[in-house]
Every structure is written in C-alpha cells, then in structure tokens.
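Data block below; observations after.
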Amino acid sequence: MSDTPILSTHGLTGGYGDFQALFGIDMHIDAGEVVALIGANGAGKSTLLKSIFGLLPVGRDMVKFEGNSVGGTPAHMMVRRGIAMVPEGRRLFVGMTVEENLRIAIDNARLPEGEGPWTREHLFDLFPILREKRRQPIEDLSGGQQQMVAISRALLCQPKVLLCDEISLGLAPKVIREIYEILPEISAFGTAIVLVEQDVGLAREASNRLYCMLEGRITLTGISNDIPRDAIAAAYFGASHAVA
Amino acid sequence: MQWLDAVIQGVLLGGMYAQYALGMALMFGVMRIVNIAHGDVMILLSLIAVSLAGVLPFGNLGLIVVIVPIAVVIGWILQKFILNKVVGADPLPSLIATFGLSIALQNFMLEIWSADTRSLPNSDIASASFQIGSIYVGLLPVIVLITALVLTGGLDAVLRFSRFGRGLRAAAADTEAAAMTGVDPKRIYAIATAIAVGILGLAAVFAALRATVSPSDGSAQLIYAFEAVIIGGMGSVWGAFLGAMVLGVAQAIGLRIDPGLGILFGHLVFLAVLATRPEGIMARKK
C-alpha cells in the first residue's frame, strides 16, 4: 500500500461551464509529504484544488484518494473521507464566533475530536491568540488571526490531506512566517499538504516537491530543492518569456 | 383603559402573527430564501385541518398532532424538490419559483374547497375568556401567544446551540465554505424548511380556530410575516417575535381609532420602521 499515493489526479480536465481551465493534470502526493503548486495568476491552481475537492465537476476516475476513484464526490463527502481545504480568502462564517467556526468542523469531521490528531486545545497551543479570542465574532479578528482560524477549522476536520489555497495572500511577512512554521507540525502527523502558493521562494522552502502550472498544464515537476531557479522561471512564465 | 385594552389585544394578535413569522424568520431571515407561497401553504394546512376535523374525532389538540407532521413533510418536499434546485446567492430564482407555486396552490385550493370561508368547529377553548380588572382576555389568544413564545425560544436555542443550528447558520453565511467544512447544505436546508413549515402547521390550526380561512387569504399572512421579520431585523428569531408584536399592537390601536384603519396602521408602522431603521429593531451591529 505504501507505494500508492494518498491522493492523485489522472488526466484531470475541467473548468467552469464551457470554459476549460485544466488540460490533463497528472499529479500525486504521498502521506506526510508537502507538495507545492506554483504558477502565475490564472494558471489553474485554485481550479485544480476545487476540482479535486468536488467543488467543480470532474470525471470519477480523474481523482483517486487512497486508491479509490472519488472524482466529483461532493465536498462535504470528501471531508468525511479525509480531505479538507483552507480556501482562498479564508471564507470563515461571518456572524459566528471563533469557537463556533471551529465547532462546525468538529460537528462534521472524519473523526470525533479526541480520536483524530487535532483538538481545539492543541490548536490553541499552536495559535495562543485564538484561545484568547475564542468567544469573539470572527469579523473582529485581524487577517492573520482569521487565517489561523481557517487553518484550525480545516485541521479539525481531521484530514489525511490538507489543501491550502494561497494562505499567505494579503498577510504581513511576519504573520506569513508564523503560519508557515506550523506546516512541519501538520505533516508530522502524516497529513499530506498541497500548498498553492504564488510566492515561489516560500513554496520551495516549505515543500518536498513542487509542480509548476502554466495555462492549465503542468510544465515542471521535481524535488523542490533540486530544481534550479531559471528552470522554474521558464516553467512559470512559459519558454518564450524566459528567453526574453 | 381603552388603550391598555388595545395594547393587550394587540399583543395577543401579535402572538398569532409571530407564529406566521417564525417560519419566515428561518427561511427569509436566516437562509435568505424568499418563499412567496408561505401564506398559501399555511392556508392549505388550515383547510386540510378543517376537512380533517369533520372526519377525525380527535378534538383540536389531536388535530395539531396530525397537521404538524403533514406540514413537516410538505416543507421537506418543498425544499428538496423545488427550492434546493433554485437556491443560491441570487434570491430571484426562489422568488419566481415560489410565486408560481403560490398561484398554483391558490387555484388548487379553490378547486378543492371553493372560495367559501371556513373555520374549525367552535370549541370551548375558542370561546372561553377570563377577566382581568375590566379587561376581557380570550383563552385561545393567550394559548396562541404562549405557544409563540415557546416556539420562538425553542427555535432561537436550536439555532444558537445545536449542531443543526450551527450548520444552518454556516450554510447561510457561505454555502460553499460550509460544504468544505463537511456540512451538507441541501440536507440541512431541507430540515430547516421542514421545521419552518412545521411551525406553520401549528399556526394553521390556531388560525382556523380563531377566525375563518379561505383560499385567497394567503397573501395577507405572507405580508404580515414579511413585515414582522423586517421590522424585527433579518436573522433574529426574537426580532421576528418583536416585529409581530409591533404589528399586532399597531393594528389593534388603529382599529380603536377607526374600525377601518387597523390593517393600514400596521402597514404604516412597517413603513415608518423601514424609513427610520431599515435594518430592523434587533439587527446586529455591523
């Protein structure tokens, strides 16, 4: 079983209605691995995450989780199977407290709190500010604090695979560092992390492997530390730009 | 004393309106689904109750036990097979779908029950009253008001503290993010509408006990429910209760000024609230 990746895509195509955004994506991730997905705006990174997670229609065999075909399974069923997502823009539940936002995840998690690796207590130890603000409405928190809630919410689903969509977007460098320091702790539990990130340097540092996307295709893949910067630049912008 | 009496009668009338409004507070206030057929569904349930009362020897309490489950099933079907297909960020599709349903229901009811007004047979409860000082208070309106209070408190607690309530508030705040967190929005919406229409089932029996109903009465109930929710503030169950009280008292006072002014007075107070505090009395501060 160990050579079966926990999550993989197979010739995944998809998009929004008539607009095709992804053209045959093959990628995979193993348990405990951190894989970065980099690429320019509009390369299809977020679309790929949404397609994997059942938020956009894809063929059944295009997504495999623990060896089973799960493409097109609705997102709430994906959570039960063991995938969770930190969506772009955080998407927290406005009008509810920090605690209530976390409770939603606990209510619907793959495993009850206490049986999975993550508990609120554990997360409050990682993000002490959240313990302090647990009874406050979510809209009273700063952007960085909200991102911590979003990550905590996803982790309380007790996922085997965590999909992170642009978790550094719009945050101060100090806060970004704070949040990225948590990632090794998450993978230490065997949780696989797919990291969509625009900041190439950050993505390389935080990941074991990376995939670079351009116009809905994967243009480069390899061990993050082994890939030379100019190869990434060529894959990121397309060959014609790299020459110029 | 005349005005105190008007206020008391208004509060009692408000108890009836609160029962109309609670389902609306859940569907429109929380889920942001505009259900134009809200009043017609209630009238349908009232007419079913009237017809059943002739066949079943249950008495009025027994009637509630039969009608509420029917209402719950109707609500679940309504959400599962109609509203879940049109629900989304845009309120217009649900408005159009339920507008069509409203017209269809009214004609269906005319076909079955004709345009006659009907009510449940007079019972002891409906005619009993007691006296406080020089003011007479009907027993049935008091029961209606207490029921409304219990329903409001219960619904508020369910929304605040239950797993279902949290899931519903999450789905209403951001349907896609709720799904990402493991909530099945369609299932939870179907349960919510079942609860909303179930409450309407209770209101339907009380309405038919209290006064008469006919197939075309639905639009008035719809307006009262809308006004109560908006006066009270979207998303607040106690707000809808308070809005119903405001509406009831305004109508009762208007009625004392001139018997033709009652309903108009209610609408005027609604307009006054819209003009001065459009977010509603109990709206949360942003």
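No value in this document is a laboratory result; all are computed from the given coordinates. Since the model is a prediction, treat every value here as computed from it, not as a measurement. Cβ: placed from backbone, ideal geometry, glycine included. Neighbour counts: every protein chain shown.
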Which FRET efficiency value, to the nearest 0.05, do you get for B:S216 and B:I125 by plugging their Cβ-Cβ distance into 1/(1 + (r/R0)^6) with R0 = 30 Å? 0.65
Please compute, for peptide A:84-90, the average count of beta-carbon atoms on other protein chains lying within 10 Å of each residue's beta-carbon. 2
At R0 = 45 Å, how high is the FRET efficiency between A:Q20 and B:L274 if r is their beta carbon distance? Nearest 0.05 is fine. 0.45
Label point distance in nm, B:D90-B:L149, each placed 7 Å from Cα along Cα→Cβ: 4.5
Could you identify which residue out of B:F241, B:F28, B:F99 has the top mean-square fluctuation in a GNM of chain B using Cα springs shorter than 10 Å? B:F99
Of all DSSP beta bridges in the protein assembly as shown, what percent run antiparallel (nearest 5)? 60
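Given the Cα-Cα distance of B:L61 and B:F81 and 0.36 nm per residue of separation, how much length would full extension add, in nm?
4.1 nm
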Cα centroid separation, the range A:15-59 to the range B:197-270 (Å): 51
Where the centroid of each part is defined by its Cα atoms, how far is the range A:111-138 from the range A:198-222 in Å? 31
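Rounded to the nearest 0.05, what FRET efficiency do B:E176 and B:H267 have when you use their Cβ-Cβ distance and R0 = 35 Å? Display every interim value, and only then the final one.
Details: r = 38 Å, r/R0 = 1.09.
That pair, B:E176 with B:H267, gives E of 0.40.
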Label-point separation (nm) for A:I223 and A:H122, each offset 7 Å from Cα along Cα-to-Cβ? 3.0
Using a 10 Å cut-off around each Cβ, can you sort A:L92, B:L271 from fewest to most neighbouring Cβ atoms? B:L271, A:L92
Centroid-to-centroid separation of the range B:8-45 and the range B:59-112 [C-alpha atoms, Å]: 13
Per-residue ellipticity at 222 nm attributable to helices in chain A (runs of n ≥ 4 DSSP H, -39500 (n - 2.57) apiece, nearest 500 deg cm²/dmol) works out to -9000 deg cm²/dmol
Name the shape class, rounded, prolate or oblate, that the alpha-carbon gyration tensor gives for the range A:58-121, where a ≥ b ≥ c are the square roots of its eigenvalues, rounded holds for a/c under 1.5, and otherwise prolate holds if a/b is larger than b/c and oblate otherwise. oblate
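Which whole-number percent is the relative contact order of the range B:2-276 (Cα, under 8 Å, 6+ apart)? It would help to have the intermediate numbers written out before the result.
Working: 466 pairs, mean separation 109.3, N = 275.
Reported relative contact order: 40 percent.
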Under the definition of partner shielding as Cβ atoms of other protein chains within 10 Å of a residue Cβ, what is the mean value for peptide A:105-114? 3
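I need A:D30, A:D230, B:D217 ordered by Cβ neighbour count within 10 Å, fewest first. Numbers along the way, then the final one.
Details: A:D30 17, A:D230 9, B:D217 21.
Taking fewest neighbouring Cβ atoms as first place, the list is A:D230, A:D30, B:D217.
If each residue of separation counts as 0.36 nm, what is the full-extension length gain between B:T117 and B:I135 once their alpha-carbon separation is subtracted?
Working: separation 18, 0.36 × 18 = 6.48 nm, distance 2.97 nm.
Difference between extended and current length: 3.5 nm.
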So for the pair A:H10, B:R187, with labels modelled 7 Å out along Cα→Cβ, what separation do we get in nm? 2.8
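Quick check on my link table: of A:K45/A:K174; A:K64/A:K160; A:K50/A:K160; A:K64/B:K186, which ones sit more than 23 Å apart, alpha carbon to alpha carbon?
Values: A:K45/A:K174 25 Å; A:K64/A:K160 13 Å; A:K50/A:K160 17 Å; A:K64/B:K186 25 Å.
Correct reply: A:K45/A:K174; A:K64/B:K186.
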Please tell me the relative contact order of chain A in percent, rounded to the nearest whole number, where contacts are Cα pairs under 8 Å and at least six residues apart. 27
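Only loop residues by DSSP count here, and only those with at most 10 other Cβ atoms within 10 Å; note down the GluC sites (Glu not before Pro) in the range A:107-147 that meet that.
Answer in residue order: A:E115.
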GNM, chain A, Cα, under 10 Å: largest mean-square fluctuation among A:F65, A:F189, A:F19? A:F19
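Please give the length that would be gained between A:D230 and A:R60 if that part of the chain were fully extended, namely 0.36 nm times their separation in residues minus their C-alpha to C-alpha distance (nm, one decimal).
Working: separation 170, 0.36 × 170 = 61.20 nm, distance 3.66 nm.
Working it through step by step, the gained length comes to 57.5 nm.
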For a footprinting-style exposure proxy, rank B:I191, A:I83, A:I38, A:I232 by other Cβ within 10 Å, fewest first. B:I191, A:I232, A:I38, A:I83
Could you work out [θ]222 nm for chain B from helices alone, using -39500 (n - 2.57) per DSSP H run of at least four and dividing by all its residues? Round to the nearest 500 deg cm²/dmol. -24000 deg cm²/dmol
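What shape does the range B:199-275 take by its C-alpha gyration tensor, where a ≥ b ≥ c are the square roots of the eigenvalues and a/c under 1.5 counts as rounded, a/b above b/c as prolate, and the rest as oblate? Working shown, then result.
Values: a/c = 1.89, a/b = 1.10, b/c = 1.71.
Oblate shape, in that a/c is at least 1.5 and b/c is the bigger or equal ratio.
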Of all DSSP beta bridges in chain A, what percent run antiparallel (nearest 5)? 55
